Structure formats: C-alpha cells, structure tokens
Amino acid sequence: MLVRIQNAAGSLAERTLITWLRTWKGPGSPHGVATVNCSLFHEDRLHQFDAVIWTPTTCVVIEAVALVQRLDGEIEVPWNGPWRVRGQLVTFEGEGRGTPLERSHEHTHALQNWLAESGLGQRVVHGVVVVIPPAGSHPDIRQLWTDPGFQVIPGDGPKPLVQTLNSLSATGRAEWTVNEIALTFRGLSILPHLPSPQDLIGEGFRGRVDTTLWYGGPQQAQAESYAEEQAQQRVRAPVIAAMPWYSPWSLYPREEDRIDPHRVVLRVLLAIGMLVAIVWAVWFVIAAAWTYGPL
C-alpha cells in the first residue's frame, strides 16, 4: 500500500490508521494507494477525508473515529441519529457535526458526484467508518440497517479493515487505471503526493500511461524515465503483423480485466469454422484440378 499523508492532525484515530496503512506490505495485505487527511471543496462545502483508499477495483472513503470512554458491549448504530450502548450515548474524540456515519454519507456522496462531474464517470465509492476504542476495550458493532455501500467496523486492530478492503476489492471489477489515479490526484490538488507510474503499476493499476499527467509534480522525472523505458522496449520488440478485421481475435478481442467465457467460445468456434472453410477450399481446388486438368 502506497501511503501519502497531508497535514497530519495527530489525533489518536489518525495515528492508528497511518500505522496500519504503513504496515501493509505483504502479499495478503490490501494493495493500492491511500491519501490521509485530504480534502475536497464541492458544492460550497469543504469535505475533510480522514483517508481515501484506491485499489485497482474500488475506491473507499475512510472515516476514523476514536472512542472517548471504554465501552464493553454492543454499539447500536442507526442509519441516522446518535449511537448508543445499552442506552448510553457514545462520545468520540474531537466530535464534529453529526455522527461518524452521517459524515461518511456526506463525504462519500460528495466524492462520487465530484468524480462524475470531473469526467471520470459514475464510480462506485464505498464508505467505511472505523471505530477505534481505548486500549483493552473490545466493543461490538451492530448495524441497524442494510446497505453494502456503507459499513461501520471495529478498530481494536487492523484485521477488520484489512478484511473489509480485501472483500471490497475482490468483488469489484478493474475500473481504476494509472491515468485515472493521476487525474484524480490532480483534480483534488494533491499532485505533489501522486506516486510515480512505476509505483502505481507495482500496486496493480493497469492501463495506458500518459506521462504528461505527472508534469509539474515531484514525480515528473520518474514519469519521463518510464516513457523512455517504454519507447526502448517498443524499438526492441519484434514487429507483429496486425490481425485483419475478420480475425477471431479482432472480432472478439480479449478484455484486460477479466476472462469472458462467451467470447472465448465464439473465438474458438469462428477459428474452427475458418479452418474448415480453408480445408474445404483447398480440397475443392485439388479435386477440380484432378478431374478436369490435363492427363
């Protein structure tokens, strides 16, 4: 996981979240890029994100909150309204306007609408609230609603967040390319925190790379180096004849992000049909020459 931090606030929730993100280096850890403490001004409102995490298949807005008091039991979380444990109101460190879930609604919808207005299409953006209790406290979370787009999870350790991000990444389809990450960082005015193309590719992002999107940022030299490497590889690569339009691989091309069984079957059937037609044509010519040719 690539971690980019802006203006660290130093709260318990933020420190805990940063520690978790920085330890995600193993093969079973979530892969992608995370920005901590970034913001978005949208529709005359400033939305302060505790973190936004992009993986190749999803985008997740994180709202991290720390509990003020030790709580043991089940935290009841309604869709709207205060949170309670056995009738007692739950309070949070640096409590802001509304509940953490209500802020998650606002931030997630703001980012989703901004992405659509910025030309990146209607993207799926998930909201996750991480509740970090004091040391030694292990409260449970009871969600009083059903919406797969929003989740509230305990933060007494990194495991629940890792499982949530891996689950969201596994169920999505590849929709975030290297260029789209670059466009988003530029649009959010966090170009200085944009990772290099090489680093993004190493985290699993794919697609064509427009190195001009890195111009003006600290990774411009890395982007230019990547462009030179790609140009050298194209020079060394063998020349491959382009497939004609009627080729099975042109009519039913492969998709980069998944294997489509339907297209595979169509390619195989068309290839077999073309092979049979060629064999029949050769047999016809040979038979005609044998029958009507000079003896």
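The values are calculated or read from the model by the stated rules, or taken from the named source; none is laboratory data. Worth saying up front: this structure is predicted, and the values here are computed from it rather than measured. Every residue, glycine as well, gets a Cβ built from its backbone with ideal geometry; the counts of neighbours run over all protein chains shown. The protein model used for the area step is the full one, side chains on, heavy atoms only, and it has no ligands, DNA or RNA in it. Shrake-Rupley method; radii C 1.70, N 1.55, O 1.52, S 1.80 Å.
Using a simple spin-label model with points 7 Å from Cα along the Cα→Cβ vector, what separation in nm is obtained for Q48 and A288?
8.2 nm
Cα centroids of segment 78-106 and segment 168-201: how far apart, whole angstrom?
31 Å
Could you report the accessible area of L188 in Å², rounded to 10, computed with a 1.4 Å probe on the protein chains as they sit in the structure?
10 Å²
Of all accessible surface on the chain at a 1.4 Å probe, what whole percent is carbon and sulfur?
58 percent
Under the classification rounded if a/c is under 1.5, otherwise prolate if a/b is larger than b/c and oblate if not, where does the chain fall, given a ≥ b ≥ c as square roots of the Cα gyration tensor eigenvalues?
It is prolate, given that a/c is not under 1.5 and a/b is the larger ratio.
Treat each spin label as a single point 7 Å out from the Cα along the C-beta direction, and report the Q163 to L89 distance in nm.
Rounded to a tenth, the inter-label distance reads 3.2 nm.
For segment 34-147, give the share of DSSP beta bridges that are antiparallel, in percent and rounded to the nearest 5; count only bridges with both residues there.
Rounded to the nearest five, the antiparallel share is 60 percent.
L275 to R15: FRET efficiency via 1/(1 + (r/R0)^6), r the Cβ-Cβ distance, R0 41 Å, to the nearest 0.05?
About 0.05, to the nearest 0.05.
Relative to the first principal axis of the alpha-carbon coordinates of the chain, what is the inclination of helix 159-171, with its axis defined by its Cα atoms, in degrees from 0 to 90 and to the nearest 10?
For 159-171 against the chain, the angle is about 30 degrees.
Can you tell me the orientation of helix 261-292 relative to the chain, as the angle in degrees between its alpha-carbon axis and the longest Cα principal axis, to the nearest 10?
Once rounded, the angle reads 0 degrees.
For a quick check: with amide H placed at 1.01 Å from N, whose amide H comes under 5 Å from H42's, ignoring anything fewer than 5 positions away on the same chain?
Close amide H contacts, sequence-distant or interchain: H47.
What does the C-alpha gyration tensor say about the overall shape of segment 1-43? Classify as rounded when a/c is under 1.5, otherwise prolate if a/b is larger than b/c, or oblate.
oblate
In the chain, what percentage of the DSSP-assigned beta bridges are antiparallel, given to the nearest 5?
Of the beta bridges lying entirely in the chain, close to 45 percent run antiparallel.
Taking the Cα centre of segment 62-202 as origin, sum charge times position over the Cβ atoms of Lys and Arg (+1) and Asp and Glu (-1), and report the length of that vector in debye to the nearest 20.
Dipole about the Cα centre, nearest 20: 40 debye.
If the elastic network links every pair of Cα atoms under 10 Å, which of V265, V279, V129 fluctuates the most in the Gaussian network model of the chain?
V279
Counting only heavy atoms of the protein chains, get the accessible area per residue of the chain (1.4 Å probe) and round it to a whole Å² value.
Heavy-atom SASA per residue in the chain reads 55 Å².
Relative to the longest principal Cα axis of the chain, at what angle does helix 178-187 sit, 0 to 90 degrees, rounded to 10?
40 degrees
How large is ³J(HN,Hα) for each residue in segment 12-17, as worked out from phi by the Karplus curve 6.51 cos²θ - 1.76 cosθ + 1.60 (θ = phi - 60°), to whole Hz, x for Gly and Pro?
Once θ is set to phi - 60°, the couplings for segment 12-17 become 4, 4, 5, 4, 5, 4 Hz.
Suppose every K and R has +1 on its Cβ and every D and E has -1 on its Cβ; what is the size of the dipole of the chain about the Cα centre, in Debye to the nearest 20?
About 680 debye.
Tell me which residues come under 5 Å, amide H to amide H, from I75 once H is placed; ignore anything under 5 positions away on its chain.
Those qualifying (amide H under 5 Å, at least 5 residues apart or on another chain) are D140, I141, R142.
Tell me the net charge near V65. Cut-off is 14 Å between Cβ atoms, V65 excluded, with +1 for each Lys or Arg and -1 for each Asp or Glu.
-4
With the alpha-carbon atoms as the only input, what is the per residue convex hull volume for segment 128-221 in Å³?
It is 145 Å³ per residue.
At 7 Å along the Cα-to-beta-carbon direction for both R208 and S29, put a label point, then send me their distance in nm to one decimal.
Here the answer is 3.4 nm between the modelled labels.
So what is the relative contact order for the chain, in percent, with contacts set as C-alpha pairs under 8 Å and at least six apart?
15 percent
For the chain, the longest stretch holding no GluC sites (Glu not before Pro) located in a DSSP loop with at most 11 other Cβ atoms within 10 Å is which?
44-254
Apply the a/c threshold of 1.5 to the C-alpha gyration tensor of segment 1-141 and tell me whether it is rounded, prolate or oblate.
Verdict is oblate for segment 1-141.
With runs of 4+ DSSP H residues as the only contributors, calculate the mean residue ellipticity of the chain at 222 nm using -39,500 (n - 2.57) per run, divided by the residue total and rounded to the nearest 500.
Using -39500 (n - 2.57) per qualifying helix, the result is -12000 deg cm²/dmol.
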